[in-house]
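The values are calculated or read from the model by the stated rules, or taken from the named source; none is laboratory data. Being a predicted model, the structure only gives us computed values, none of them experimental. Neighbour counts run over all protein chains shown; Cβ positions are idealised from the backbone, glycine included. Quick note on the areas: whole protein, heavy atoms, side chains included, nothing else; ligands and nucleic acids left out. Shrake-Rupley method; radii C 1.70, N 1.55, O 1.52, S 1.80 Å.
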Amino acid sequence: MAGALDTSLHGVQQSDATNPRTVIHLHGANVEAEYDGYPEDTFLPGQSYEYKFNNNQEATALWYHDHSLGITGQNIQAGLAGMYLIRDTDDPVGGNGPLGIPAGAPYEVPLLIQDLSFNSDGSLYYPYPWDDVFYGDVAVVNGKAWPNLNVDRTVYRFRIVNASNSRFYNFKLSSKQQLIQIGSDQGFLNAPVYLSELLLGPGERADVLIDFSSSQPGDKIVLENDAAAPYPKGLSTLINQNYAKLSEIMQFTVNQGAAVSKTIPTQLRVNKPQITQITTPPVRQRYLTLTDIVDSNNIALAMMLNAVYWDEAAKYPELMERPQVDTVEQWNFINLQPFAHTVHLHLVPFQILNRQSISYDQYIAAYSATGPRTVLIDHAYAPTVPYGYPPVDPTPYTTSSATPPAENEAGWKDSVVVNAFEVVRIIVPFGAKAAENLPFGNSFTGRYVWHCHMLSHEDNEMMLPFDVVA
Ligand SMILES: [Cu+2]
């Protein structure tokens, strides 16, 4: 990859330019800490590390990718990302399960979607010095720019992952056909959700059926995107708004041949419990802010969670979230920025409780009144929020009623869009014994991470460790 490395970012070394670190994270896996790909557990070209994945969780599409501290954006753009499908009795290999949906080629197709940019010599472009967002001007699916897929006149299953750095996609089909979403990040929904558009933030996945049986031979159908960048409102200072929009992703061309219609199942969870909201009361509420640190010109220097740096959290346990294994907690993400982020928790799936708009001014006033934490603060940049103060409950400063998750978000998730000036409340079981009917089977302790899945953000401080303690 051409371009210089910004060695001012946490973890980045000049040697990464020629001998880059890597570490594998299986995104969405319920796995032991030693196999989770902690961002400092990196190794170098020529070295190896053996990972063991127990796969003790419901069928879904996980994806594995690099997670090296400070260079995850470059490594994933360079191609270190792939899909990892877990099967179970509702979704067996070969597709002969009770749902009658495809599993395997040719009618099940992974779509790993990135936006990349290229230098004139064909090498990958990456911004230097660090910028708080990266938006590519070329849609790349499974490593191919603006691809075409020839499709038969029948039902296809697409396993979509947003593997982009910063871009949110709001997918639509040029034919105005519906996208039939049957699964979210962590497995099947209770029932299919028929969508005219599908929003996916970085790191999110969707399991989607498209029925081409009423399409005509020769039809060309484009998978389109109309999400602004940054999401949701764009930014007038972006140099090229057309590139920023990236309105076409890929094309389907309908083959000759007779149409084969298939029944879309109405219930998706045959051999497993229906998803109901966790009723076990949370043992703890945590309030977690999404902010940044800026210079005197209001240019972002780093993106922050709780206004705490990565190295501080590892050093001072009181700055880290430390849930107890097999308990349920409620985490409340408070976005104090004018654009959306996607927050991802390692190890455990969660449920979205609701979203609610907040008053920035009122929240900041209350936040500023809490007083600094009693630990040493090692860094000294200008924060946009009180640096190192403990976040407070935003509920008194909300400006709308709380809205439950959309139907296609009302399943098991591991990544969640947190919109501008909004609190998103999620309920998290930190172990298989924390509540009834969970979609995973293990109770692990150890050190994991939670972070923003916009890669330029997690590469510059928007990531913190958390410990699951015995
Ligand atoms: Cu972010």
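List of remarks:
- Accessible area per residue, Å², the stretch 169-239 with all protein chains present, probe 1.4 Å: 37 Å²
- Estimated at 0.36 nm per residue, the fully extended path between residue 216 and residue 47 surpasses their Cα-Cα distance by 55.7 nm.
- Couplings for the stretch 338-352, taken from phi via the Karplus curve 6.51 cos²θ - 1.76 cosθ + 1.60 with θ = phi - 60°, read x, 9, 7, 10, 10, 9, 10, 9, 6, 6, 10, x, 9, 10, 7 Hz in order; Gly and Pro are left as x.
- Surface analysis of the stretch 284-468 yields an accessible area of 33 Å² per residue, using protein heavy atoms and a 1.4 Å probe.
- In plain terms, the chain from residue 274 to residue 78 could stretch by 66.6 nm, reckoned as 0.36 nm per residue minus the Cα-Cα distance.
- Burial order of peptide ranges 155-165, 284-294 (average beta-carbon count within 10 Å, highest first): 155-165, 284-294
- Among the protein heavy atoms of the chain, carbon and sulfur supply 50% of the accessible surface, probe 1.4 Å, non-protein parts ignored.
- Close amide H contacts of residue 103 (hydrogens built in the peptide plane, cut-off under 5 Å, sequence separation of 5 or more or a different chain): 94, 95.
- Simple spin-label estimate for residue 247 and residue 32 gives 5.2 nm between the two label positions (7 Å along the Cα-to-Cβ direction from each Cα).
- Spacing of the two label points (7 Å from each Cα toward its C-beta) at residue 121 and residue 93, in nm: 4.4 nm
- Using a cutoff of 8 angstrom between alpha carbon atoms and counting only pairs six or more residues apart, the relative contact order for the stretch 284-468 works out to 36 percent.
- The helix-only estimate of mean residue ellipticity at 222 nm for the chain, built from DSSP H runs of length n ≥ 4 each weighted as -39500 (n - 2.57), is -1500 deg cm²/dmol after division by the residue total.
- The modelled label-to-label distance for the pair residue 297/residue 322, using points 7 Å beyond Cα in the direction of Cβ, is 4.2 nm.
- Within the straight-line cut-off of under 20 Å between alpha carbons, the lysines reachable from residue 220 are 144, 172, 176, sequence neighbours fewer than 8 places apart in one chain being disregarded.
- Amide H contacts under 5 Å for residue 251: 148, 149, 223, restricted to partners 5 or more places along the chain or on a different chain, H placed in the peptide plane at 1.01 Å from N.
- Nonlocal amide H pairs with residue 294, under 5 Å, H built at 1.01 Å: 301, 382, 384
- Karplus-derived 3J(HN,Hα), 6.51/-1.76/1.60, for each residue of the stretch 295-312, Hz, glycine and proline x: 8, 5, 9, 6, 8, 5, 9, 7, 9, 10, 10, 6, 6, 10, 7, 3, 6, 5
- ³J(HN,Hα), Karplus 6.51/-1.76/1.60, whole Hz, each residue of the stretch 283-292, x for Gly, Pro: 7, 7, 9, 10, 10, 9, 9, 10, 9, 8
- Accessible surface for residue 69 stands near 10 Å², nearest 10, in the context of the full protein assembly shown (1.4 Å probe).
- For the stretch 1-131, the solvent-accessible area works out to 43 Å² per residue, with a probe of 1.4 Å and every protein chain left in place.
- Rounded if a/c under 1.5, otherwise prolate or oblate - the stretch 171-210, Cα gyration tensor axes: oblate
- Here the extension length gained between residue 261 and residue 402 equals 46.7 nm, from 0.36 nm per residue of separation less the Cα-Cα distance.
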